[in-house]
Amino acid sequence: MASILIVEDESLVALGHEFAVKQAGHLVFGVAASVAQATDLLNTGRPDFAMLEIGQVSAKPRTPDSDLDVRLLNGDLSYPIARELRRLHIPFVFISGYPLEAVAVETGPVGVLRKPVHFEDLIALLERVRPGKGFA
């Protein structure tokens, strides 16, 4: 079983992600509704994988080191968590309702799931997570 961090500010969506993680045979490392909560969770340990909701995206140009105006609904920037996950060598996937070209893939996600996420697609993704080995 792998441990999965869920960063999602909509509680019903987060609940669905939790259900999918458990159905795929993994453990929920924690659920964060903000970047601050995600940071606190990362300070307590290391998940094997993370699912990171992006939020609202502006039309600012993308560069690997820039902060896009990408916010969870409560106003937190979400790309700093992506950079921290990359620094810690924790694979992650972005979940977004925005087109791929609006997502800073330079931050290093192993993939981008488009909202609305279908349960079967989420399960297929989670079945590729390997405990202690990342993503296959």
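The values are calculated or read from the model by the stated rules, or taken from the named source; none is laboratory data. Predicted model only: the values in this text are computed from it and were never measured. Using ideal geometry, Cβ is built from the backbone for each residue, glycine included, and neighbour counts are taken over all protein chains shown.
Miscellaneous remarks
- Restricting Val110, Val93 to those that are surrounded by 14 or more Cβ atoms within 10 Å (Cβ to Cβ), modelled with pLDDT of 75 or more, touching a Pro at 6+ places or on another chain (Cβ under 6 Å) and farther than 21 Å from Gln37 by Cβ reduces the list to Val110.
- Annotation: Arg128 fulfils all but one of (1) of a type in the set (D, E, K, R); (2) touching a Pro at 6+ places or on another chain (Cβ under 7 Å); (3) within 19 Å of Met1 (Cβ to Cβ); (4) at pLDDT below 85; the unmet one is (2).
- Odd one out for Ala24, checked against (1) loosely packed, with under 14 Cβ neighbours inside 10 Å; (2) at pLDDT 90 or above: (1)
- Tallying residues that are part of a loop (DSSP other than H, G, I, E, B) and within 12 Å of Leu88 (Cα to Cα) within segment 33-50 yields 5.
- Test: Leu5 is buried (at least 19 other Cβ atoms within 10 Å of the Cβ) and at pLDDT 85 or above: yes
- The one condition in (1) small (Gly, Ala, Ser); (2) surrounded by 19 or more Cβ atoms within 10 Å (Cβ to Cβ); (3) in contact (Cβ under 8 Å) with a residue 40 or more places away in the chain that Ser34 fails to fulfil: (2)
- Residues that are out of contact with any Asp or Glu (no Cβ under 8 Å at 6 or more places or on another chain), of a type in the set (S, T, N, Q), closer than 13 Å to Leu85 by Cα and at pLDDT 90 or above occur in segment 33-47; there is at least one.
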